[in-house]
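Step one of this worksheet: look at the structure below.
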Amino acid sequence: MKVSIITINYNNVNGLEKTIESVINQTHNDIEYLVIDGGSNDGSVEIITQYSERINYYISEKDGGIYNAMNKGINKSTGDYLLFINSGDSLIDTNILAEIMSENRVEDIIYGNLLLYDAEKQWTWNSPDKLTFRDFYNSTIPHPSTFIKRELFNKVGLYDETLKIVSDWKFFLLAFTRYSASYVHVNKIITAYSYDGISSREENFKKIEQERHEVLRSEFNFMVDDYVELEKLSSEMKRIKKFLKIRKFFKSIFNK
């Protein structure tokens with residue numbers, strides 16, 4: 001199956017070259033590669049030009065933000081599945097696409113695990129096999145390790161450009177809850193993600209919370225208050241169970 005890989009970039013020349021090399025060195029033989037640059041002036045355009053023979057489509061122009069750039073890539077793509085690997089991130093090894101696509105998957109969404117790293121450490125985001133509303137109320141699935149069937153964008157729509165940080169989360173949430181998107185978890189690390197992106201920065205956490213709240217209110221207003229209450233009760237039950245467990249432990253000690 002044909003995979004369209006979309007890389008967006010803005011003034012990240014070193015990260016961009018690393019990302020490009022991780023894509024063009026894949027052993028999978030049916031890749032469409034698109035690079036959407038936001039009008040960089042740091043040498044990124046020269047890097048894109050250097051690798052232009054291995055890039056199917058590229059453009060460098062001012063855009064309206066991350067999701068506007070991603071939507072440009074979606075509109076130009078022709079693959080069966082789309083994968084977003086932004087500048088600075090890289091596919092985990094040269095065979096990973098071949099391994100995933102050799103299974104001839106038919107699901108709307110194929111998602112794997114993500115290796116995260118910063119200057120001091122690295123850790124793994126292991127995704128669950130079964131997804132529930134709670135998974136998206138509290139978290140999401142890793143966008144850089146998720147293959148999205150192109151047809152799904154025709155059903156759900158493109159990324160919401162009014163959101164600055166959580167539009168991919170909104171897309172997944174609507175895909176599963178409104179459109180019953182089929183999915184499968186592949187228990188493999190697919191992408192290495194540099195933990196310095198916009199959603200990873202502490203100064204953006206408040207904005208993330210705000211945008212998520214707006215989406216939940218807009219799309220699920222009828223049920224969100226009940227769900228908030230349910231989460232509070234669930235948290236309280238966990239606290240009580242922990243207390244009873246500790247109490248039982250101490251009773252067993254003093255009753256000896």
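Some notes on this structure:
- Per-residue packing, averaged as other Cβ atoms within 10 Å, sorts the ranges 18-31, 88-101 into the order 88-101, 18-31, beginning with the highest.
- 0 to 90° range, to nearest 10: angle between helix 167-177 axis and the chain longest Cα axis: 60
- Over 22 Å apart at the Cα level, from the set Lys164/Lys206; Lys2/Lys149; Lys76/Lys207; Lys121/Lys188; Lys155/Lys207; Lys121/Lys206, are Lys76/Lys207; Lys155/Lys207; Lys121/Lys206.
- Reach of Lys62 by Cα under 12 Å, taken over aspartates and glutamates that are not fewer than 8 positions away in the same chain: Asp37
- Matching label, Kirkwood radius over Cα pairs in Å computed from the structure shown, candidates [x] 18.8; [y] 19.9; [z] 20.5: [y]
- What the Cβ-Cβ distance of Ser180 and Ser139 gives, at R0 = 25 Å and to the nearest 0.05, is a FRET efficiency of 0.80.
- Of the peptides 72-80, 138-146, 165-173, the order by per-residue mean of other Cβ atoms within 10 Å, starting with the highest, comes out as 165-173, 138-146, 72-80.
- Of Ile100, Val186, Asn56, farthest towards positive along the dipole that unit charges on Lys, Arg, Asp, Glu beta carbons give the stretch 3-200: Val186
- Against the chain, whose longest principal axis comes from its Cα atoms, helix 205-254 is set at around 40 degrees.
- Cα gyration tensor shape for the stretch 72-178, rounded if a/c is under 1.5, else prolate or oblate: rounded
- Each of Lys130, Lys242, Lys164 has some number of other Cβ atoms within 10 Å of its Cβ, and from fewest to most they run Lys130, Lys242, Lys164.
- The sum of -39500 (n - 2.57) across all DSSP H runs of n ≥ 4, divided by the residue count of the chain, sets its helix-only mean residue ellipticity at 222 nm to -14000 deg cm²/dmol.
- Cα centroid of the stretch 173-197 to Cα centroid of the stretch 63-100, whole Å: 13
- With Cα atoms, 0 to 90° folded angle of helix 13-24 axis to the chain main axis: 90
- Its Cα centre serving as origin, the stretch 3-200 has a Cβ charge dipole (Lys and Arg +1, Asp and Glu -1) of approximately 620 debye.
A short reminder: the numbers here are calculations on the coordinates, not readings from a lab. This structure is a prediction, so every number in the text was calculated from the model and none was measured. Because the Cβ atoms are built from the backbone with ideal geometry, glycine has one as well, and the counts that use them run over all protein chains shown.
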